[in-house]
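To keep things clear, I will list the structure first and then write my remarks on it.
None of the figures in this text is laboratory data; all of them are computed from the coordinates on show. Everything numeric here is computed off the predicted structure, so don't read it as measured data. Note that we place each Cβ from the backbone using ideal geometry, even for glycine, and neighbour counts take in every protein chain shown.
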Number of protein chains: 2
Amino acid sequence: VVLRDAAQRQGAPTDLAETLAAIVGTTQVLSDPSVVESFTTDWTRRFQGPARLVVRPADTAAVAAVIKACSEARVGVVIQGGNTGLVGGSVPAAHPGLEGPPVLLSTSRLDSIGPVDTVASQVTAGAGATLAALQRAARAAGLEFPVDLGARDSATIGGMIATNAGGVHVIRYGGTRAQVVGVEAALADGQVVSRLGGLVKDNTGYDLSQLLVGSEGTLGVVTAARLRLVPHMAERAVLLLGLASTAAVTELVAHLRGHLSGLSAAEIFYREGMELVCRHSGLTPPWPEASEVYLLIECSGRTSPLEEMLEALSDLEVDDAATAVATDSSGIERLWSYRERHTESVSAIGVPHKLDVTLPLGVLGEFEPAVRRRVEEVAPGSTAILWGHVGDGNIHVNVVGPGPEDERVDSAVLELVAGLGGSISAEHGIGRAKTAWLGLSRSEAEIAAMRAIKTALDPEGILNPGVLLP
Amino acid sequence: VVLRDAAQRQGAPTDLAETLAAIVGTTQVLSDPSVVESFTTDWTRRFQGPARLVVRPADTAAVAAVIKACSEARVGVVIQGGNTGLVGGSVPAAHPGLEGPPVLLSTSRLDSIGPVDTVASQVTAGAGATLAALQRAARAAGLEFPVDLGARDSATIGGMIATNAGGVHVIRYGGTRAQVVGVEAALADGQVVSRLGGLVKDNTGYDLSQLLVGSEGTLGVVTAARLRLVPHMAERAVLLLGLASTAAVTELVAHLRGHLSGLSAAEIFYREGMELVCRHSGLTPPWPEASEVYLLIECSGRTSPLEEMLEALSDLEVDDAATAVATDSSGIERLWSYRERHTESVSAIGVPHKLDVTLPLGVLGEFEPAVRRRVEEVAPGSTAILWGHVGDGNIHVNVVGPGPEDERVDSAVLELVAGLGGSISAEHGIGRAKTAWLGLSRSEAEIAAMRAIKTALDPEGILNPGVLLP
């Protein structure tokens with residue numbers, strides 16, 4: 001850490017807006033309070049914080065220059081993509097030791113998507129490109145970007161890399177991490193590192209790209225990435241099943257995993273979620289009598305996966321009265337909508353506490369009733385709505401009832417998870433929401449190692465202050 | 001960095017053997033010069049260096065205690081698995097600033113392999129377990145560990161993680177990195193970090209496991225890992241084709257990649273390698289007239305992939321007189337042996353300069369003749385033997401002729417590679433062999449970031465000194 005002239009340090013923030021305007025252009029520095037406010041509130045409405053201004057650089061060099069200017073002024077930089085995160089990682093947090101409110105750096109203009117390389121099955125995308133735009137570009141070239149999630153129209157590639165976003169196809173293709181061939185990023189000192197060459201084998205020292213994946217903007221600002229694409233699977237089949245318990249679901253999924261080469265999603269949700277979704281969205285339930293647990297299975301392939309799907313189920317006792325299948329796109333969309341409309345339906349009844357956790361597959365059947373009991377104990381009368389990616393052991397526990405500041409239910413759920421060998425964050429990251437509980441999932445030695453890395457790459461702590469590390 | 005009493009620091013090395021013996025037992029501290037020498041020479045015979053003794057801890061706690069003792073004595077620790085590396089990364093190198101020769105830590109006793117979890121398709125293996133032992137354990141449970149390479153009987157899981165080993169199936173399953181769910185490692189301060197819980201989704205801060213993959217023992221000593229397994233593919237088909245040029249091979253592989261869902265290997269070698277292998281090993285050539293370039297394709301599946309393979313080739317002009325196919329294990333082994341015996345055949349004619357590089361797929365056809373010309377220019381009369389994993393753009397350039405210390409040919413090849421946008425190390429790492437050329441593949445900003453991370457986690461530089469960073 002270089003000692004700075006105190007006067008310069010104090011003076012800097014007032015000049016910062018001008019410096020930033022010189023870098024990105026006056027029109028790309030937003031300081032009108034009402035405009036700034038639209039960036040500084042989390043869409044879950046649980047998190048907000050002040051920013052001195054919003055800056056929207058158009059290229060990597062401008063991002064680096066913005067960071068350098070903020071670093072010299074000892075001003076924090078909060079990085080925001082689609083602002084679809086669920087843990088407050090992209091809105092300003094407390095940042096003792098820095099000068100006043102942070103600058104909010106929006107990646108929205110870094111939205112270019114390069115030509116699809118069909119020989120290598122790769123593409124380079126800017127951090128601000130949305131998932132949906134990337135998916136369209138890949139499909140136009142006969143390929144697919146294999147990560148998909150409900151927020152696809154807003155979620156950005158940069159945010160997905162920063163949080164190692166998961167989604168519904170992890171069971172087949174892995175999460176965002178597995179798709180990242182290399183990233184370009186601006187570091188805290190304003191230097192740019194760039195691994196966009198698309199080499200799939202490149203063992204020349206520490207994999208900085210992989211270190212940045214999941215680092216939640218605390219080690220560098222991802223500006224672009226070289227991403228893997230996969231062959232387009234033209235045929236899909238979706239099956240919705242009603243089952244009696246979570247344990248029955250995990251058993252079935254373990255069986256299917258061994259028999260279905262095309263298995264591309266295995267989603268779980270529950271009676272209370274189905275009822276809420278139907279009430280909120282006007283959908284008709286898939287069959288007359290409500291089931292306790294719903295399992296949605298998707299298979300995809302070059303040829304129709306329906307036969308393989310039905311054959312894999314033929315040995316098993318499945319209740320035909322609680323089964324729906326679709327192979328055409330409108331039918332598939334309809335079955336998926338029961339699952340995908342959970343998020344909006346929950347938000348419609350209140351501000352939920354959203355706890356995104358993974359359990360070892362073997363204990364998921366035990367966890368589900370246990371977490372409902374625990375929630376009822378600490379927040380009597382609250383509503384718990386659960387769903388998730390059951391093939392990955394990933395459950396989203398949503399609790400509506402306790403106020404935003406009342407974290408007893410969060411503590412209770414996360415402690416239960418940790419006690420069962422699970423992770424307190426499966427795919428949303430730590431953000432601001434979970435820093436206090438990081439120690440439930442990571443040991444002191446690990447946190448010390450993380451802190452050492454953070455200090456090494458961002459000695460003044462200007463990047464996403466208050467996020468991830470307690 | 002804690003300042004230490006100078007007297008204690010000087011005295012420590014003489015007591016170190018006793019301290020280490022107290023940790024691991026007297027019989028596991030080897031100091032007989034002839035025994036130590038068997039560890040301190042690289043199997044390529046290009047690298048050697050002095051070690052004060054060899055220590056063989058039996059568990060993670062002992063590894064951590066050994067590192068702590070060495071750290072306190074300011075003595076370097078060189079980590080060795082199967083000693084099958086090709087860049088001198090596991091034998092002692094120069095280490096200014098530390099006390100005398102380093103301790104060589106052998107992971108050979110950390111060779112346990114846990115029960116295979118067939119629900120999660122995972123297994124935990126000790127760092128010293130060989131690849132072959134892991135493959136056997138997975139197969140016994142009906143699964144496969146998807147990384148395979150020629151040194152499987154000696155190469156260890158720890159070494160493969162430390163170097164992010166590649167091998168022949170990267171085209172289908174990715175390299176070692178893609179199989180690592182989590183690692184356990186001892187850090188330079190003697191603390192242990194452990195991520196063996198097998199959670200596939202776990203976004204709780206920096207992925208230390210992924211940072212350790214490919215770090216070549218410079219950030220921590222991997223003691224065990226939780227690894228992904230894949231379904232066993234019972235049926236295999238192998239096709240060997242003779243072609244006229246590297247460009248024809250890359251074109252064919254791009255076509256096959258889009259049409260063969262079971263493609264699990266695509267290996268290239270050349271006329272001079274085929275002749276050398278046949279001369280050295282007594283194998284009969286696959287067909288009478290030698291081809292300029294050989295392409296070996298392997299497909300695997302639950303059902304026989306032969307039909308799909310032949311169909312994918314049916315549109316193309318293939319010379320039947322230069323084609324061999326096998327679907328039974330002895331036939332498959334015979335076709336693979338032309339490729340796999342390259343390494344030993346080259347070693348039989350001299351001490352090769354081994355340059356393991358990746359090129360973007362689009363320039364491989366240009367690189368191959370260019371590198372031969374360049375080698376002939378800087379080392380006239382030398383023998384260049386090339387082979388590699390053509391689907392990944394990965395070519396192993398072996399040059400026999402120049403003495404071990406004459407690095408002109410290494411420089412010439414690596415500079416050519418960098419000029420074409422390739423990587424100076426595809427799958428072997430940097431080790432001692434390539435530190436001088438790291439700047440060809442990594443920018444100053446990247447090297448500075450790597451150095452900052454190294455200093456953060458190993459401030460005194462005791463772990464694998466002289467390896468990776470220049």
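Taking the C-alpha atoms only, the angle from helix B:131-140 to the longest principal axis of chain B is near 70 degrees.
Which of rounded, prolate or oblate describes the stretch B:75-228 when judged by the alpha-carbon gyration tensor and an a/c cut-off of 1.5? Cα axes put the stretch B:75-228 in the prolate bin.
What you get for the protein assembly as shown, charging only the Cβ of Lys and Arg (+1) and of Asp and Glu (-1), is a dipole of about 1660 debye around the Cα centre. Give the shape of the stretch B:343-394 as rounded, prolate or oblate, defined through the alpha-carbon gyration tensor: a ≥ b ≥ c are the square roots of its eigenvalues, a/c under 1.5 means rounded, and otherwise the shape is prolate if a/b is larger than b/c and oblate if not. Since a/c reaches 1.5 but b/c is at least a/b, the shape of the stretch B:343-394 is classed as oblate.
Nothing charged except the Cβ atoms of Lys and Arg (+1) and of Asp and Glu (-1): what's the magnitude of the dipole of the stretch A:46-121 about its Cα centre? Round to the nearest 20 debye.
Details: 6 positive and 5 negative charges, 55 e Å.
I would put it at about 260 debye.
For B:E427, what residues show an amide H to amide H distance below 5 Å, using hydrogens built from the backbone and excluding near sequence neighbours? The answer is A:N203. Shape of chain A from the C-alpha gyration tensor: prolate (a/c of 1.5 or more and a/b above b/c, with a ≥ b ≥ c the square roots of its eigenvalues).
Kindly work out what percent of the DSSP beta bridges joining two residues of chain B are antiparallel, to the nearest 5. The antiparallel fraction comes to roughly 90 percent. Phi-derived couplings, Karplus 6.51 cos²θ - 1.76 cosθ + 1.60 at θ = phi - 60°, listed residue by residue for the stretch A:373-378: 4, 5, 4, 5, 5, 8 Hz, with x used for Gly and Pro.
Before anything else, pin down the relative contact order of chain A: Cα pairs under 8 Å, at least 6 apart, normalised by residue count, whole percent. For chain A, the relative contact order is 16 percent. For the stretch B:241-352, the relative contact order comes to 36 percent (Cα pairs under 8 Å, sequence separation of at least 6). Distances between copies at B:E317, taken between label points 7 Å from Cα along the C-beta direction, are 6.3 nm in increasing order. Over the residues of chain B, the helix contribution to mean residue ellipticity at 222 nm works out to -10500 deg cm²/dmol, using -39500 (n - 2.57) for each DSSP H run of at least 4. Considering only DSSP beta bridges whose two residues both sit in the protein assembly as shown, what percent are antiparallel, to the nearest 5? Among the beta bridges of the protein assembly as shown, antiparallel pairing accounts for roughly 90 percent.
Applying both filters, DSSP loop and at most 10 other Cβ atoms within 10 Å, to the GluC sites (Glu not before Pro) of the stretch A:216-319 gives A:E289, A:E317.
Say a paramagnetic label sat at a point 7 Å from the Cα of A:S330, along Cα to Cβ; which residues of the stretch A:229-252 have their backbone N under 16 Å from it? None, by backbone N distance to the label point.
Inter-copy label distances at B:S304, using a point 7 Å along Cα-to-Cβ, come to 2.7 nm with the shortest given first. Hey, how much of the P(r) for the protein assembly as shown falls beyond 44 Å, as a percent of Cα pairs? That tail contains 32 percent of the Cα-Cα pairs. Among the GluC sites (Glu not before Pro) in the stretch B:366-470, those located in a DSSP loop and surrounded by at most 16 other Cβ atoms within 10 Å of their own Cβ are B:E405, B:E407. Residue-wise, which Karplus ³J(HN,Hα) couplings in Hz belong to the stretch B:149-154, taking 6.51 cos²θ - 1.76 cosθ + 1.60, θ = phi - 60°, and x for glycine or proline? Result, ordered by residue: 8, x, 7, 3, 6, 10 Hz.
What Kirkwood hydrodynamic radius do you get for the stretch A:88-152 when you take the inverse of the mean 1/r over all pairs of distinct Cα atoms, in Å?
Taking the inverse mean of 1/r over all distinct Cα pairs, the stretch A:88-152 comes out at 14.2 Å.
Between the alpha-carbon centers of the stretch B:254-312 and the stretch A:393-449, tell me the distance in whole angstrom. Between the Cα centre of the stretch B:254-312 and that of the stretch A:393-449, the gap is 50 Å.
Per residue, the convex hull spanned by the Cα atoms of the stretch A:385-470 measures out at 112 cubic angstrom. Position A:R372: other-copy label points at 7.0 nm, ordered by increasing distance, label point 7 Å along Cα→C-beta. Between helix B:246-259 and chain B there is an angle of about 90 degrees, using the helix long axis and the longest principal axis of the Cα atoms. In sequence order, the stretch A:205-216 has phi-based couplings of x, 4, 7, 4, 4, 5, 5, 6, 5, x, 8, 6 Hz under the Karplus curve 6.51 cos²θ - 1.76 cosθ + 1.60, θ = phi - 60°, and Gly or Pro positions carry x.
Restricting things to Cα coordinates, could you compute the convex hull volume per residue of the stretch A:328-434 in Å³?
Values: hull volume 12.0 nm³, N = 107.
It comes to 112 Å³ per residue, whole-number rounded.
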